[in-house]
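Heads up, the thing below is written out as structure tokens.
What follows is calculated from the coordinates using simple rules that are stated; it is not laboratory data. Please read these numbers as outputs of a predicted model, since none were measured by experiment. Every residue, glycine as well, gets a Cβ built from its backbone with ideal geometry; the counts of neighbours run over all protein chains shown.
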Amino acid sequence: LVRDLLQIKDYFNSDRVGITIDTEHAYAAGEHPNDLYYEHADVIHLNSIPPYVKFGGHLDRHSYTPLRQSKIGFDYIKKIIKTARPEVPIILERSDREVVLDDLNLLKDLKEEIWIQSESSLSESSLRDLEEEMKGGSFRE
């Protein structure tokens, strides 16, 4: 599926056509996270894969499962972040404040290990600002 999307993107050969890779959509569609082309993505939705989503089961639910508990495992999450181009936005799609805060803390930990080597646009100050905004209650649930 992702290879097909890459061919479509190449066909249009335009900056106006891009690819978003959603980890949970891909998993539910039967695409293994290790086989996706994160280096070609223009946006990544880094979603946790909850226990009830079956590989290839075509079921996608916006989860309350933190990234630390995702079925795809911590090593795959690190690979996704490391493989993505530094300018590519990585979006967390969550609806629970505590899960978002946990995920942000995980990304901060990974930043030391991975992002410090790249020039990622997700700076420590932007993570801190987002965390403070969420603690202040402006995050809409």
Problem set entry | Theoretical FRET efficiency, 1/(1+(r/R0)^6), r = Cβ-Cβ of Asn13 and Glu87, R0 30 Å, to 0.05 | 0.95
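Counting Lys +1, Arg +1, Asp -1, Glu -1, what net charge surrounds Arg16 among other residues with beta carbon under 11 Å of its beta carbon? Kindly include the intermediate steps, with their values, before the conclusion.
Details: positive: Lys9; negative: Asp15, Asp42.
Its environment carries a net charge of -1.
Between their Cα atoms, which of Lys79/Lys111; Lys9/Lys78; Lys54/Lys78 are more than 18 Å away from each other? Please report the intermediate quantities before stating the final value.
Details: Lys79/Lys111 13 Å; Lys9/Lys78 26 Å; Lys54/Lys78 22 Å.
From the list (Lys79/Lys111; Lys9/Lys78; Lys54/Lys78), the Cα-Cα distance tops 18 Å for Lys9/Lys78; Lys54/Lys78.
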For this session: Using only the alpha carbon atoms of the stretch 39-91, find the Kirkwood hydrodynamic radius as the inverse mean reciprocal pair distance, in angstroms to one decimal.
Result: 12.0 Å
For this session: Would you grab the residues whose amide H sits under 5 Å from the one on Ile19? Only those 5+ places off in sequence or on another chain, please, with H modelled 1.01 Å from N.
Result: Asp42, Val43
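Could you tally the net charge around Gly57, taking each other residue with its Cβ under 12 Å from the Cβ of Gly57, Lys/Arg +1 and Asp/Glu -1?
On the way: positive: Lys54, Arg61, Lys71; negative: Glu24, Asp60.
After counting each charged neighbour, the total is +1.
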Exercise. Hey, could you pull the Cα Rg and Dmax for the stretch 1-79, both in Å?
Worked result: 13.1, 38
